[in-house]
Amino acid sequence: MLSKKIEKALNDQIRVEAESSQIYLAMACWAEVKGLEGVAGFMYSQSDEERAHMLKLVRYVNERGGHAHISALKAPNVTFKSFKEMFEKLFEHEVFVSESINELVHIALQEKDYSTHNFLQWYVAEQIEEEAMARTILDKINMIGNDKGGLYLFDRDIQQMTVSTAASESPE
Ligand SMILES: [Fe+2]
Ligand SMILES: [Fe+2]
């Protein structure tokens, strides 16, 4: 049985993951409209992953005798100055999510809820990967600068990245 405090904290995280999914869906749309097919594909798959993160939490809360709340979401940014700015926002958002997960882990320990603590380790590992990936992408973008040919190659290469992360993912 989950304590009320843990249930509330997990429900807050459900909203964070749902909002992440919407944020990346909005980024996918912006990139698709701009003709960046590879970037759009990458963002669509990020959006799907965030929904999977949300669902995993939903199922956990319900299975442990809590009630997962599906709430209204904050509207995401829908336009960006540049694709570089968009990826900076993605990185900042992942750092924010990591902090949110860390806080949740802290609450689980305070409440002596070791099952939830154990369950959350998957998210801790996932955030390390996501932050590292966002950092790698930003490094590439900084290398490209304003080079159009570089952007073309980046858009092509990021499709490869989507394929490899999808292959290494095991949601469940
Ligand atoms: Fe997530
Ligand atoms: Fe994420």
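The values are calculated or read from the model by the stated rules, or taken from the named source; none is laboratory data. These numbers come from a predicted model, not from an experiment. Cβ placement follows ideal geometry from the backbone for every residue including glycine, while neighbour counts extend to all protein chains displayed.
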Among the residues of segment 78-85, is any at negative phi, within 16 Å of ligand 2 (Cβ to nearest atom), surrounded by 11 or more Cβ atoms within 10 Å (Cβ to Cβ) and not aromatic (Phe, Trp, Tyr)? no
Filter result for Ala68 (on the phi < 0 side of the Ramachandran plot, not in a helix (DSSP H, G or I) and not aromatic (Phe, Trp, Tyr)): yes
When you look at Phe87, is it modelled with pLDDT of 95 or more, more than 14 Å from ligand 1 (Cβ to nearest atom), of a type in the set (Phe, Trp, Tyr) and out of contact with any strand residue (DSSP E or B) (no Cβ under 9 Å at 6 or more places or on another chain), yes or no? yes
Among what's in segment 102-130 and is hydroxyl-bearing (Ser, Thr, Tyr) and in contact with a Lys or Arg (Cβ under 9 Å, 6 or more places away or on another chain), pick the residue that is farthest from ligand 2 (Cβ to nearest atom). Ser115
So which of Glu17, Glu32 ends up being part of a helix (DSSP H, G or I), touching a Leu at 6+ places or on another chain (Cβ under 7 Å) and not aliphatic (A, V, I, L, M)? Glu17
Matching residues in segment 22-54 - criterion: being within 14 Å of ligand 2 (Cβ to nearest atom) and touching a residue at least 60 places away in the same chain (Cβ under 8 Å): Ile23, Tyr24, Met27, Phe42, Ser45, Glu49, Ala52, His53
Members of segment 106-156 found to be in contact (Cβ under 8 Å) with a residue 40 or more places away in the chain and β-branched (Val, Ile, Thr), listed by number: Ile107, Thr116, Ile137, Ile141
